[in-house]
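Below: the structure, in structure tokens.
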Amino acid sequence: MKVAVVGATGLVGTVMLKVLEERNFPLTELIPVASEKSVGKEITFKGKKFPIVSMDTAISMKPDIALFSAGGSTSLEHAPRFKEAGTTVIDNSSAWRMDPTIKLVVPEVNAHELSIDNKIIANPNCSTIQMVVVLKPLHDKYKIKRVVVSTYQSVTGTGVKAVEQLMNERKGIDGPKAYAYEIDLNVLPHIDVFTENGYTKEEIKMIKETNKIMSDDSIKVTATTVRIPVMGGHSESVNIEFENDFDLAEVRSILEKAPGVIVVDDVANLKYPMPKDAHEKDEVFVGRIRRDDSAPKALNLWIVADNLRKGAATNAVQIAEYLIQKELV
Ligand SMILES: NC(=O)c1ccc[n+]([C@@H]2O[C@H](COP(=O)([O-])OP(=O)(O)OC[C@H]3O[C@@H](n4cnc5c(N)ncnc54)[C@H](OP(=O)(O)O)[C@@H]3O)[C@@H](O)[C@H]2O)c1
């Protein structure tokens, strides 16, 4: 299995390499790719050094799988070229997600949709991934009517430049800016660009991607996405209204059994999910599970995951593992 990691020097790419290493992914050849400025630099994988190669060199090596995390425009331009070379591309950008011919996959929810014909596969938005992993088993049991989500998103979701902005601000250094305003000691109700209806693209991604991954357009979703000066992962306050009534103990038990989910919900002992604890973990953590007493058949939850892991790298690697296991690559 020849695997190209495109964007290998970036935040997601670096975690991708770590996840491939940790999970002992069955690769025989690693092909790290980044922009022209990085070609010739080296990355370390399983104690060995690998030179970064250009996109053209990587395509000529005909990898079996290419894990892309190099931005939307790079993906739009180069993913089809890998596909032409016979490579299956798993893409982390938003470029292909809403293309009706492309599968948008969270393995715990809809890996069964994949077939050998899917040569470009989209990895959903980080905030959407962690939410649908929790929504899916509850939807199967009680049928979700409506979801209201507010996010508290880590600066690592914006890439290397944003982490540098936060660190520089903490040291009083005036460096390059990834955001319109200071992020340290601040909260920005603004992720991605604003659209005509007053929502941001991040909010629209959460709405549309949820419907696509769950294969159910009847689920109404509304979102407010917010950037906070945190590193370890994204948090979400989620209010869910169901068609059918539920039992709180049963909800907890469903989530305890759900694949990829860990329930951390013991408020008497001050146990609830936090980004510090989710950092570098592959699972999605859920807590603060309680009835919404202001509405019938409604539930409140708090969901936390490492956006660079389950929100990006881990999810992409899990898709690749599924393809190999089912001989779809
Ligand atoms: N951060 C997250 O939580 C997250 C979650 C889900 C999805 N994503 C998506 O994943 C992608 C990468 O995000 P990131 O946070 O890792 O960004 P990042 O830290 O800024 O890294 C970007 C990577 O892309 C490479 N790159 C840029 N232009 C390229 C080109 N023309 N050809 C080849 N490589 C190129 C960069 O190489 P150089 O080092 O050579 O510039 C670098 O390796 C984005 O599309 C983002 O939306 C991010």
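Computed quantities for the displayed model
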{"read-out": "Residue that is farthest from the ligand (Cβ to nearest atom), among those in region 122-151 that are surrounded by fewer than 19 Cβ atoms within 10 Å (Cβ to Cβ) and closer than 17 Å to LYS205 by Cβ", "value": "VAL148"}
{"read-out": "Restricting region 29-42 to residues that are near the ligand (Cβ under 10 Å from one of its atoms) and within 10 Å of ALA8 (Cα to Cα), the residue that is surrounded by the fewest Cβ atoms within 10 Å (Cβ to Cβ)", "value": "SER35"}
{"read-out": "Any chance VAL132 is within 16 Å of the chain's Cα centre (by Cα), modelled with pLDDT of 95 or more, assigned by TED's automatic domain parsing to the domain that holds ASP217 and on the phi < 0 side of the Ramachandran plot", "value": "yes"}
{"read-out": "Residue, farthest from the ligand (Cβ to nearest atom), within region 84-102, restricted to residues that are within 16 Å of ILE31 (Cα to Cα) and not in a strand (DSSP E or B)", "value": "GLY86"}
{"read-out": "Test result for ASN244, in contact with a Pro (Cβ under 9 Å, 6 or more places away or on another chain), part of a loop (DSSP other than H, G, I, E, B) and either β-branched (Val, Ile, Thr) or modelled with pLDDT of 95 or more (or both)", "value": "no"}
{"read-out": "Residues that are aliphatic (A, V, I, L, M) and either within 11 Å of the ligand (Cβ to nearest atom) or not in a strand (DSSP E or B) (or both), drawn from region 48-65", "value": "ILE52, VAL53, MET55, ALA58, ILE59, MET61"}
{"read-out": "Checking SER215 against (1) exposed (fewer than 13 other Cβ atoms within 10 Å of the Cβ); (2) on the phi > 0 side of the Ramachandran plot; (3) within 14 Å of the ligand (Cβ to nearest atom), the condition it does not meet", "value": "(3)"}
{"read-out": "Pairs where the first residue, in region 298-314, is over 12 Å from GLY260 (Cβ atoms) and touching a residue at least 60 places away in the same chain (Cβ under 8 Å) and the second is hydroxyl-bearing (Ser, Thr, Tyr) and outside any strand (DSSP E or B), C-beta under 7 Å, 6+ apart", "value": "TRP302/TYR272; ASN307/SER154; ASN307/THR156; LEU308/THR156; ALA312/SER69"}
{"read-out": "Residue in region 234-242 that is more than 22 Å from CYS126 (Cα to Cα), crowded, with 17+ Cβ neighbours inside 10 Å, away from the ligand (no atom under 16 Å from the Cβ) and free of Cβ contacts under 8 Å to residues at least 60 places away in the same chain present", "value": "no"}
{"read-out": "Evaluation of GLN318 against (1) in contact with a helix residue (DSSP H, G or I) (Cβ under 7 Å, 6 or more places away or on another chain); (2) assigned to a strand (DSSP E or B) (one fails), failing number", "value": "(2)"}
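Listed here are the residues, each with its yes/no results for (1) assigned to a helix (DSSP H, G or I); (2) acidic (Asp, Glu); (3) under 30 Å from ASN244 (Cα atoms).
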{"residue": "HIS139", "(1), (2), (3)": "yes, no, yes"}
{"residue": "THR151", "(1), (2), (3)": "no, no, yes"}
{"residue": "MET167", "(1), (2), (3)": "yes, no, no"}
{"residue": "GLU182", "(1), (2), (3)": "no, yes, no"}
{"residue": "THR210", "(1), (2), (3)": "yes, no, yes"}
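The values are calculated or read from the model by the stated rules, or taken from the named source; none is laboratory data. Quick caveat, the model's predicted, so the values are computed rather than measured. Positions of Cβ are generated from backbone atoms using ideal geometry, with glycine treated the same way; all protein chains shown enter the neighbour counts.
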